[in-house]
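All remarks here apply to the structure that follows.
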Amino acid sequence: MPDRAPLAAPQGEGLGRSVALLKAFRVEQTDPAHFYGLLAADAVQQLQRWTPLEGRRVLDVGGGPGFFRDAFLAAGSSYVSIDADLGELSAAGDPGPGTVLGSALALPVRTGSVDVCYSSNVLEHVPDPERMGDEMVRVTRPGGLIYLSYTVWLGPWGGHETSPWHWLGGERAARRYERRYGRPPKNRYGVSMFPASASAGLRWARTARGADLITAEPRYHPRWARGVVRVPGLREVVTWNLALVLRAR
């Protein structure tokens, strides 16, 4: 896969950044290079709030076709990506160097061998999210950083392309999508997409063996709106995408 010039990240942590990311989100399926490229640039910028990336070994769990790879390499990181779906890995051409086919539930990586373990919008696609989180902690060296973000099921985009009908049930939303478009959705409820909640993610992060929670915040929100994560019930609907940041012990 040829290298692409990384996009510039939205600046600041205010409403302008949130608007830019949410506008890009509208073209996730029609122009994935733009959406994921912008998200990757923003992710690198956000990670640098907690750790330097230059010279660090980064493992991207569920890295897909390489949009995050370009951003991390541009930041000076050594980058390895693991994904269980060969189709995703090849979506933008031949997978690049440092790409491994493997499961997030049993990472083929030595314990304590990476400086940063990163995952974006993958947790909602695995049947055992706590096991995935535990694996990310396992492979991170003491003092290293774990960054895990995922789409919350009861948020407006919880059903992905079947939204907002997922609020009436995942299977019902999938059937409606197939009737309308003549094909099943890419993300199949109960098969490749699961109802991940904010409360379950927070519970895991607060009790994770081998890591301490640094922060939990809605990934796309401006700084002044981050407090919604602390409100039970409300956080399931308005968080949209929850980012959990932990430090390995």
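The values are calculated or read from the model by the stated rules, or taken from the named source; none is laboratory data. Because the structure is predicted, anything quoted here is derived from the model rather than measured. Heads up, the Cβs are rebuilt from the backbone with ideal geometry, glycines too, and the neighbour counts pull from every protein chain shown.
Would you please list the contacts, defined by Cβ atoms under 9 Å and residues six or more apart or on different chains, that run from a residue in segment 1-28 that is at negative phi and basic (Lys, Arg) to a residue that is at pLDDT below 70 and crowded, with 17+ Cβ neighbours inside 10 Å? Cβ pairs passing all conditions: Arg4/Ala92.
Looking across segment 220-249 at every residue that is at pLDDT 95 or above and of a type in the set (D, E, K, R), the one that is surrounded by the fewest Cβ atoms within 10 Å (Cβ to Cβ) is identified as Arg230.
When segment 22-55 is examined, which residues are found to be polar (S, T, N, Q), within 18 Å of Tyr79 (Cα to Cα) and part of a loop (DSSP other than H, G, I, E, B)?
Initially, segment 22-55 is screened for residues polar (S, T, N, Q), giving 29-30, 45-46, 48, 51.
Within this subset, residues satisfying the condition of being within 18 Å of Tyr79 (Cα to Cα) are 45-46, 48, 51.
Gln48, Thr51, listed by residue number.
Can you name the residue in segment 165-211 that is aliphatic (A, V, I, L, M), assigned to a helix (DSSP H, G or I) and touching a residue at least 40 places away in the same chain (Cβ under 8 Å) and is also nearest to Gly233 (Cα to Cα) among such residues? In this case the residue turns out to be Ala198.
Take segment 33-86 and flag every residue that is of a type in the set (S, T, N, Q) and within 21 Å of Ser103 (Cβ to Cβ). Full working, then the answer.
So in segment 33-86, the residues of a type in the set (S, T, N, Q) come out as 45-46, 48, 51, 77-78, 81.
Once the filter is applied, which keeps residues that are of a type in the set (S, T, N, Q) and within 21 Å of Ser103 (Cβ to Cβ), segment 33-86 yields only Ser81.
Evaluated against (1) farther than 20 Å from Val245 by Cβ; (2) at pLDDT 90 or above; (3) of a type outside the set (Phe, Trp, Tyr), Ala24 falls short on exactly one condition, (2). Within segment 14-37, restricting attention to residues that are closer than 15 Å to Pro156 by Cβ and among the charged types (D, E, K, R), the residue that is surrounded by the fewest Cβ atoms within 10 Å (Cβ to Cβ) is Arg26. Within segment 170-188, the only residue that satisfies the criterion of being within 30 Å of Arg226 (Cβ to Cβ) and either exposed (fewer than 15 other Cβ atoms within 10 Å of the Cβ) or within 18 Å of the chain's Cα centre (by Cα) (or both) is Asn187.
Looking at Val109, Val126, can you tell me which residue is within 28 Å of Glu161 (Cα to Cα), of a type in the set (Val, Ile, Thr) and either at pLDDT 95 or above or touching a Lys or Arg at 6+ places or on another chain (Cβ under 8 Å) (or both)? Show your work before the answer.
Working: Val109 fails: within 28 Å of Glu161 (Cα to Cα).
Testing whether each residue is within 28 Å of Glu161 (Cα to Cα), of a type in the set (Val, Ile, Thr) and either at pLDDT 95 or above or touching a Lys or Arg at 6+ places or on another chain (Cβ under 8 Å) (or both) leaves just Val126.
In summary, Thr207 fulfils each of the numbered conditions (1) touching a helix residue (DSSP H, G or I) at 6+ places or on another chain (Cβ under 9 Å); (2) exposed (fewer than 15 other Cβ atoms within 10 Å of the Cβ) with the single exception of condition (1). Got at least one residue in segment 77-94 being assigned to a loop (DSSP other than H, G, I, E, B), buried (at least 19 other Cβ atoms within 10 Å of the Cβ) and modelled with pLDDT of 95 or more? So far as segment 77-94 goes, yes, one or more of its residues are assigned to a loop (DSSP other than H, G, I, E, B), buried (at least 19 other Cβ atoms within 10 Å of the Cβ) and modelled with pLDDT of 95 or more. Each residue in segment 32-69 was checked for being in contact (Cβ under 8 Å) with a residue 40 or more places away in the chain and either at positive phi or more than 16 Å from the chain's Cα centre (by Cα) (or both), and 7 of them qualify.
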